[in-house]
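Each remark here refers to the structure printed beneath this line.
Just so it is clear, none of the values below were taken in a lab; they were calculated from the coordinates. Keep in mind the model is a prediction, meaning the values are calculated, not measured. Quick reminder, even Gly has a Cβ in these numbers, built from the backbone with ideal geometry, and neighbours come from all protein chains shown.
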Amino acid sequence: MPARLEKLDPLLTRLEQLLASLGAHVSAAARPAVERWRSDAAALRFHLNPPRNAPLLTCVIGGTGTGKSTTVKMLTGLIEPSEGEIFFRGENVLKNRLWFSRHFGYVPEEPYLYAHLTGREYLQLAGRLRGMEKSVLERKIEAMLGLFGLAEFRDTQMSSYSKGMRQKVLLSAALLHDPEVLILDEPFSGLDVTAALVFRSLLQALANEGKMILYSSHVLEVVEKVCSEVVILHRGRVLAYDSVARLRDLRASTSLEDVFSQLVMQEDAGAVASQMIAVMRA
């Protein structure tokens with residue numbers, strides 16, 4: 001096995017533990033879902049089930065090359081695994097993509113939308129693809145657009161929407177069908193302060209209801225306020241996986257940012273900033 005692939009073994013084990021804490025069950029019979037590119041690989045072995053009576057909102061943070069984005073893309077069907085299987089409720093997700101799409105909501109990092117559609121049309125498309133009844137879908141669309149402050153722009157093409165408006169449409173599309181699983185990649189990107197506060201409260205409420213929420217972000221301040229547990233990844237390894245409070249206590253730190261700096265950063269941020277200023281002035 002190539003050395004770079006061997007480095008993923010600890011990550012694989014810890015991600016299995018993460019999914020187990022979310023109500024997942026590791027299956028020795030299931031082959032790992034694997035995506036290979038440029039001699040790299042990301043792999044998971046799991047049966048995925050919603051948690052029961054255990055509020056949990058888990059955030060995954062870390063740099064590039066850890067397999068985090070690849071895992072999300074395999075779960076959402078954006079990347080076809082080179083080999084392996086992914087199960088939800090005992091069903092093979094790879095063989096039942098349409099069925100699984102009705103059980104999860106996904107907010108990608110970049111708001112790529114069909115810009116020629118209006119906000120209402122995009123949500124109609126998203127709802128119909130998930131098999132929602134038309135009358136229920138229309139009612140929810142009107143309500144969601146109103147709650148996000150987009151009612152007056154419902155019939156405006158999204159090509160004229162700001163980034164924040166597009167993000168609100170993506171959030172609405174992820175929530176319309178009341179999914180059991182939410183997979184969120186930088187969901188607060190572009191949101192105004194009011195919308196961000198509302199969405200933060202919404203995530204906490206959904207977690208309390210038993211929804212499974214996987215949240216990926218680089219904004220540590222938001223992660224610290226939103227998440228109950230945090231996974232810190234670095235160079236293909238899980239450096240830490242615990243509650244925010246316990247991580248702060250273990251590292252004798254006052255913030256998650258301090259914890260992350262201690263575990264991940266090998267250079268002093270202030271010193272690097274000073275060097276950059278010196279280059280600018282040279």
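Compared with the direct C-alpha span, the chain from Glu209 to Glu83 gains 41.9 nm at full extension, assuming 0.36 nm per residue.
In this simple spin-label approximation, Asp249 and Leu202 carry label points 7 Å from Cα along the Cα→Cβ vector, and these lie 3.3 nm apart. Counting only lysines at least 8 places from Lys95 when in the same chain, those with an alpha carbon closer than 28 Å to its own are Lys68, Lys73, Lys134, Lys211. For the range 72-135, the fraction of C-alpha pairs farther apart than 14 angstrom is 65 percent.
Loop-located GluC sites (Glu not before Pro) in the range 159-232 (DSSP state not H, G, I, E or B) with no more than 15 neighbouring Cβ atoms inside 10 Å: Glu209. Rounded to the nearest whole Hz, the Karplus-based 3J(HN,Hα) values (6.51 cos²θ - 1.76 cosθ + 1.60, θ = phi - 60°) of the range 118-132 follow the sequence 7, x, 5, 5, 5, 5, 4, 4, 4, x, 5, 5, 9, x, 6, with x at glycine and proline.
How large is the charge dipole for the range 178-248, taken about the Cα centre, if only the Cβ atoms of Lys, Arg (+1) and Asp, Glu (-1) carry charge, to the nearest 20 debye?
360
Restricting the trypsin sites (Lys or Arg not before Pro) of the range 143-218 to loop positions (DSSP other than H, G, I, E, B) with no more than 16 neighbouring Cβ atoms within 10 Å leaves Arg154.
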